């Protein structure tokens, strides 16, 4: 399966799950909180794929390579922490819905990127 098809499948499935979560919370503030976490998750997963490609394809002896990977890892954590902080600000104690959405999106990413062998 081509990478473009995998990405389209991932985006379609995550949008559907996020819309279901937004439908559960009909409040505008909750929808904003879910949207913030969704966008941060998409950025986080993009950085994960970018980091994986960098690990596989780069010269691992370069100092610049090490700093770049450290920057990507720190960026990933800061984006997710900031998104959940804003979600708590908008949603209060109902932040469990975007957390569940985030966990489901991780499983969807693994499902869409999994290599399938020919039988």
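Read-outs: derived from the displayed coordinates by stated rules, not from any lab. Keep in mind that this is a model prediction, so the values were computed, not measured. Please note: Cβ atoms are built from the backbone with ideal geometry, for glycine as well, and neighbour counts cover all protein chains shown.
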Rounded to the nearest 10, the angle in degrees between the Cα long axis of helix 3-24 and the longest principal axis of the Cα atoms of the chain comes to 20 degrees
Helix 28-57 against the longest principal axis of the chain: what's the angle in degrees, Cα atoms only, rounded to the nearest 10? 10 degrees
Range of Cα positions in segment 3-113 per principal axis (Å), largest first: 51, 31, 15
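May I ask you to sort 35, 30 by Cβ crowding, counting other Cβ atoms within 10 Å and putting the fewest first?
Values: 35 17, 30 21.
Ranked by crowding around the Cβ, least crowded first: 35, 30.
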Which angle between 0 and 90 degrees, to the nearest 10, do you get for helix 63-91 versus the longest principal axis of the chain when only C-alpha atoms count? 10 degrees
